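The values are calculated or read from the model by the stated rules, or taken from the named source; none is laboratory data. Source: prediction; values computed, not measured. Reconstructed Cβ throughout: ideal geometry from the backbone, glycine too, with neighbour counts over all protein chains shown.
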Amino acid sequence: MPTVNPRRWWALAVLAAAQFMVIMDTSIIGVALPEMQRDLGFSQGDLQWVFNAYVIAFGGLLLLGGRLSDLLGARKVFVTGWGILIAGSVVAAAAQSAWVEVAGRAVQGVGGALIAPASMTLLMMLFGHSPKELGKALALYGAAAPAGGTAGVFLGGVFTEWASWPWVFIIYVPIGIATLLATGLLPAVAARRGGGVDVLGAAAVTAGLALTVFTVVRAPETGWGTAQTVLQLIAGAALLVAFLLIQRSAKSPLMPLAIWRTPGLGVSNLAMALLGAAWIPMWYFLNLYLQQVLGYGAFASGAALLPMTGLLMLFMTTASARLLGRFGPKPLITGGLLVLAAGLVWLSAASPTGSFVVDVLPASLVAALGMALAYIPTLMAAMSAAPQEQAGLASGIVNTTYQVGSALGLAALTALATSQGAGALGNLPALTDGFSAAFLAAAGIAVTGALATLALMRGKPHPADTPAASVPTQGETESRQKAAN
């Protein structure tokens, strides 16, 4: 009879808290951005690199983090990731210049890229004995991601208003140490023998993503049709193509390309990328609207978005699993993306003389409901589409597509917003026009995701098709490792 870890729910609390903190790291800087801009000398266009430096490192290295978890042991990689995240937080907090800040954020992203896949591997080990328990655990773990993203906006406001912006990074030091002390609750996983690390593939995909995002950000200044922009876009695309070619020939690829032959995997990852490309720019520009147009302070801006956090947490922990079991992922993903689009269109109507109650609260709650409807079904669709023995790889891929979609979406919509007036600090009508253009474009992205899901995704999968039924338990994994040794 397989061994069931009696402390698995306590261990889940550690893993969910880690996921919450890793994703919160993408958003906690949101309300601190205006103060960081003033203190460190960021331009309006370059300010987004405080966010994108983290996301590019995180998204570009997630697959490598998964591979290292496989080779070295998930708990060891989890601990290492937290050590790197703490180091990056110290650098970011102590930064006295813009690009030191960006470097610290990138180091934080490297740490997050190790923590996230290691957490998922450990979760699968803890709850693989029971599809029912695994579904509940995944719902709680999945809810930690968007909740962490939105809660970061509020907590960033608390630290920025009552202390100073470096505290949005300093807070990770005691939290990281507490998490490291709690890792004794996590199962010890022996490292696998054999295999290698596809460092070249990781370098290619990260460099390609970084160059592409950098070019899109700079294009409004340099010109979309200039030789510099065109050559940089070609170089970024070439690096991403090189990554695919490396995966074809590598002995231990980060992402075996054969997995993409699985029906449904492509469309679920496309939906996840477009979900990130619509959601992340929404909170980014909504926070700037609150502070730069409505004149909110850091704490008030964070508090204004707290209702979104509450709705996300409530819905995803109480309703997502039941709705997914009843309807399957396709209608929830399609409907959720359309509801998100409706909230974004509503936000695009905000005025320079608007108010929180009229222009922000109802629209932000509609958008949050859309996110809550779509996120966990999209995650589960991507995982259940893959062969059962590749559930961990599928999880790494879908998390990567979310981060890549977030980075590219924010870069493109920042370029659009700047071209429509969002760079004119102090000019409230121009700022509002730029933010409205970004909200409307994000709504178009969400509608595109809904239409792609509706047209390409299969209907409700049979429960037996999910990876939960065959995920090895902790006892089975340990037995297989002993036999292999």
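Could you count how many residues in segment 315-333 are under 20 Å from the mean Cα position of the chain (by Cα) and not β-branched (Val, Ile, Thr)?
5
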Query - One residue from Leu231, Leu200 being farther than 21 Å from Asp25 by Cβ, hydrophobic (A, V, I, L, M, F, W, C) and out of contact with any helix residue (DSSP H, G or I) (no Cβ under 6 Å at 6 or more places or on another chain) - result: Leu231
Requested in this report: Report yes if some residue within segment 34-51 is crowded, with 24+ Cβ neighbours inside 10 Å, of a type in the set (Asp, Glu) and in the same structural domain as Ala182 (by TED's automatic domain parsing); otherwise report no.
Outcome: no
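Residue-wise test of (1) over 20 Å from the mean Cα position of the chain (by Cα); (2) farther than 20 Å from Asn399 by Cα; (3) crowded, with 24+ Cβ neighbours inside 10 Å.
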site: Gly65; (1), (2), (3): no, no, yes
site: Ala94; (1), (2), (3): yes, yes, no
site: Gly104; (1), (2), (3): no, yes, no
site: Gly112; (1), (2), (3): no, no, yes
site: Ala116; (1), (2), (3): no, no, yes
site: Pro131; (1), (2), (3): yes, yes, no
Query raised in the report: In this structure, is Val241 surrounded by fewer than 17 Cβ atoms within 10 Å (Cβ to Cβ), of a type in the set (Val, Ile, Thr) and outside any helix (DSSP H, G or I)?
Result: no
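Each row is one residue, and each column tells you yes or no for (1) modelled with pLDDT of 90 or more; (2) among the polar types (S, T, N, Q); (3) part of a helix (DSSP H, G or I); (4) closer than 30 Å to Leu425 by Cβ.
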| position | (1), (2), (3), (4) |
| --- | --- |
| Ile246 | yes, no, yes, no |
| Leu254 | no, no, no, no |
| Ser268 | yes, yes, yes, no |
| Met272 | yes, no, yes, no |
| Ala278 | yes, no, yes, yes |
| Tyr284 | no, no, yes, yes |
Query raised in the report: Tell me, which residue of segment 158-183 that is closer than 20 Å to Glu101 by Cα and either among the aromatic types (Phe, Trp, Tyr) or outside the structural domain of Gly302 (by TED's automatic domain parsing) (or both) is surrounded by the fewest Cβ atoms within 10 Å (Cβ to Cβ)?
Result: Trp167
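Conditions tested, residue by residue: (1) within 30 Å of Pro263 (Cα to Cα); (2) aromatic (Phe, Trp, Tyr); (3) part of a helix (DSSP H, G or I).
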| residue | (1), (2), (3) |
| --- | --- |
| Gly302 | no, no, yes |
| Leu324 | yes, no, yes |
| Pro352 | no, no, no |
| Val357 | no, no, yes |
| Pro362 | no, no, yes |
| Gly370 | yes, no, yes |
| Tyr375 | yes, yes, yes |
| Thr378 | yes, no, yes |
Query raised in the report: When residues of segment 254-265 are filtered for being surrounded by 18 or more Cβ atoms within 10 Å (Cβ to Cβ) and under 18 Å from Arg458 (Cα atoms), how many remain?
Result: 2
Query raised in the report: Yes or no: Ala430 at pLDDT below 95 and in the same structural domain as Pro263 (by TED's automatic domain parsing)?
Result: yes
Requested in this report: Please name all residue pairs, on different chains or six or more residues apart, with Cβ atoms under 7 Å, provided the first residue is in segment 348-359 and is under 14 Å from Leu286 (Cβ atoms) and the second residue is among the aromatic types (Phe, Trp, Tyr) and surrounded by 13 or more Cβ atoms within 10 Å (Cβ to Cβ).
Outcome: Ser348/Phe439; Ala350/Tyr289
Query raised in the report: Out of segment 22-33, which residues are assigned to a loop (DSSP other than H, G, I, E, B) and either surrounded by fewer than 23 Cβ atoms within 10 Å (Cβ to Cβ) or within 15 Å of the chain's Cα centre (by Cα) (or both)?
Result: Asp25, Thr26, Ser27, Ile28, Ile29, Gly30
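Any residue that is of a type in the set (A, V, I, L, M, F, W, C), outside the structural domain of Gln96 (by TED's automatic domain parsing) and surrounded by fewer than 16 Cβ atoms within 10 Å (Cβ to Cβ) - is there at least one of those in segment 217-229?
yes
Which residue is farthest from Glu221 (Cα to Cα), if the candidates are limited to segment 410-440 and must be among the hydrophobic types (A, V, I, L, M, F, W, C) and without any contact (Cβ under 8 Å) to a residue 60 or more places away in the chain?
If we take residues in segment 410-440 being among the hydrophobic types (A, V, I, L, M, F, W, C) and without any contact (Cβ under 8 Å) to a residue 60 or more places away in the chain, then Ala430 is farthest from Glu221 (Cα to Cα).
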**Report entry** Pairs where the first residue, in segment 160-179, is closer than 13 Å to Ala95 by Cα and the second is assigned to a loop (DSSP other than H, G, I, E, B), C-beta under 7 Å, 6+ apart
**Finding:** Trp165/Ala32; Val168/Ile28; Val168/Ile29; Val168/Ala32
Query raised in the report: Condition test on Gln232, is it surrounded by 17 or more Cβ atoms within 10 Å (Cβ to Cβ), over 25 Å from the mean Cα position of the chain (by Cα) and not in a loop (DSSP other than H, G, I, E, B)?
Result: yes
